[in-house]
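Encoded as structure tokens, the structure appears first; notes follow it.
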Amino acid sequence: MGIPVRIHYTLWLVFVLIAWTLATGYMPHQYPGLSAATYWTISIASAIVLFASVLIHELSHSYIAKKNGLPIGRITLFFFGGVSEMTEEPKNASLEVRMAAAGPLMSFVIAGALAGSWWVTRLAGLPIVVTAILGYGALINAILGGFNLLPAFPLDGGRVLRGSLWQHSKNLVGATRTATRLSEVVSLIMMLAGFVAIIVGDFLDGIWIILLGWFIKSGAETSLRQTLLGETLTGLRVGDVMTKQFLAVTPDITVQQLVSDYLLVHPHGGYPVMKDGRLLGLVTLQSARAIPQELRVTQTVAQAMVPLERAPTVQPTQPAWDALQRMARERTEIMLVTDGGQLLGVVTRDDLMKSIRTRQELGLQPGAQVQVPLAGKHCVQCGAQMRAEDRFCSYCGSQQPQA
């Protein structure tokens, strides 16, 4: 599907832990009388089946997202399972529900297929190694599907709940707050259950339950913060928050001059590189840092800068929230605002965060007091500013009539 898959180093830790738990506890209990080598063979294969199932679970989310025009940056497999990293959030409640429900549904489909295979292999009298792996795969996928249906962020059930509330109330922030409160209740119950399990002597399972409860609580709070940030910037475009009076540097000054005359004096961590009114690229703090200190007095900005064709650029009509998300993805603090090859200004992460803080402190509603009128339309339901091509309002989720 063209989606990069990243294996985080914590996956290897939990892989070893699961294989060890299965080889020394679960498998000997379910299938007594086998050799240690057989238990380890079954357990390693079962752990592989588990994480392959998690990958397929995440791919089902990604398939629905890509089918509906949402790009997927990558899938990451890590300690707590997997996550599909979307570069954009769903624009309407119906899509969020469908995307979230796809994962548990796929897990149940895998569980059914493996359970059927387990039944057939038992009737056929195949070796216990095969039936044990299939049986565990069916069980763990059923558990995976059921656990993900818990109504708590960042689990799929939490997103289904938020999408359903959003669809009913037409209020994304209110739906997120309600789903977050329920998620916190679920996480506290899980952590309490984990402590009880430790007290009664089930130390390993207790630790797992506490960690999962903490993961749910942390994920719910993060989702709420991201939603609030996104809604605060609703209606704002890059042109509303960009810095129009900016400093530029010439390509022939040395990197040492850049450091002493610009980076140590002015607040921005990057500057456009221009010559004779022509934009050549972008030079940043990271660019200067990449040059060894002893070479900074001889090497020029032209040698250190990011050329224009590779520099992060954004148009003034693009949503400010999209720019902030892109900065996070590309790990940059500054972007060039251009239109038709003409440099109009720069936008920094500080510009965007300052706008968020100001609007929150003033209690401004999403879409209020947009400084620069842009071509587009307004939502028929809530009045928020939209792009002319948008079919759904990114604030309230209502469908717009077509021209």
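Quick notes
- Of 219, 82, 340, the one that fluctuates the most in a GNM where the chain has Cα springs shorter than 10 Å: 340
- Entry for Rg and Dmax of the Cα atoms in Å (calculated from the structure that is shown) out of (i) 20.8, 63; (ii) 21.9, 76; (iii) 26.1, 82: (iii)
- Label separation (residue 248 vs residue 35): 7.5 nm, computed from points 7 Å beyond Cα along the C-beta direction.
- Antiparallel %, DSSP beta bridges [both residues in the stretch 5-232], to 5: 65 percent
- In a reduced charge model with +1 at each Lys and Arg Cβ and -1 at each Asp and Glu Cβ, the stretch 238-354 shows a dipole moment near 180 debye about its Cα centre.
- Modelled FRET efficiency - R0 35 Å, residue 113 with residue 289, Cβ distances, 0.05 increments: 0.10
- Placing R0 at 22 angstrom, the Cβ-Cβ distance between residue 167 and residue 326 gives a FRET efficiency of 0.20 after rounding to 0.05.
- With a simple spin-label model that places each label point 7 Å from the Cα along the Cα-to-Cβ direction, the separation between residue 199 and residue 313 comes to 6.4 nm.
- Taking amide H as placed 1.01 Å from N in the peptide plane, residue 236 has its amide H under 5 Å from the amide H of 320, 367, each at least 5 places away in sequence or on another chain.
- Computed packing ranks the peptides 266-273, 327-334 as 266-273, 327-334, most packed first, by mean other Cβ atoms within 10 Å.
- Across the options 284, 239, 337, the greatest Cα extent toward the positive end of the charge dipole of the stretch 238-354 (unit charges at beta carbon of Lys, Arg, Asp, Glu) belongs to 284.
- Distant-in-sequence amide contacts of residue 280, defined by a placed amide H-H separation under 5 Å and a gap of 5 or more residues or a different chain, comprise 273, 274, 275.
- Inter-centroid distance (Cα atoms) of the stretch 267-327 relative to the stretch 160-227, Å: 41 Å
- Between the stretch 31-86 and the stretch 95-133, the Cα center-to-center distance that results, in Å: 13 Å
- Per-residue ellipticity at 222 nm computed for the chain from its helices equals -17500 deg cm²/dmol, with DSSP H segments shorter than 4 residues left out and the rest contributing -39,500 (n - 2.57).
- Straight-distance candidates among the aspartates and glutamates for linking to residue 66, with alpha-carbon spacing under 19 Å and chain neighbours fewer than 8 residues away dropped: 58, 85, 88, 89, 96, 156, 322, 389, 390.
- Among residues other than residue 286 with Cβ under 10 Å from its Cβ, the summed charge is +1 (Lys and Arg +1, Asp and Glu -1).
- Estimated at 0.36 nm per residue, the fully extended path between residue 350 and residue 7 surpasses their Cα-Cα distance by 120.3 nm.
- Computed from the C-beta positions of residue 276 and residue 358 and an R0 of 41 Å, the FRET efficiency is 0.65 to the nearest 0.05.
- For the pair residue 222 and residue 56, the difference between a 0.36 nm per residue extended length and the Cα-Cα distance amounts to 57.3 nm.
- Backbone HN-Hα couplings from phi across the stretch 4-16 [Karplus 6.51/-1.76/1.60, Hz, Gly and Pro as x]: x, 10, 10, 9, 6, 4, 5, 4, 5, 5, 6, 4, 4
No lab work stands behind these numbers, since they all come straight from the coordinates. Not measured: the values here are computed from a predicted model. Note that each Cβ is placed from the backbone with ideal geometry, even for glycine, and that neighbours are counted across all protein chains shown.
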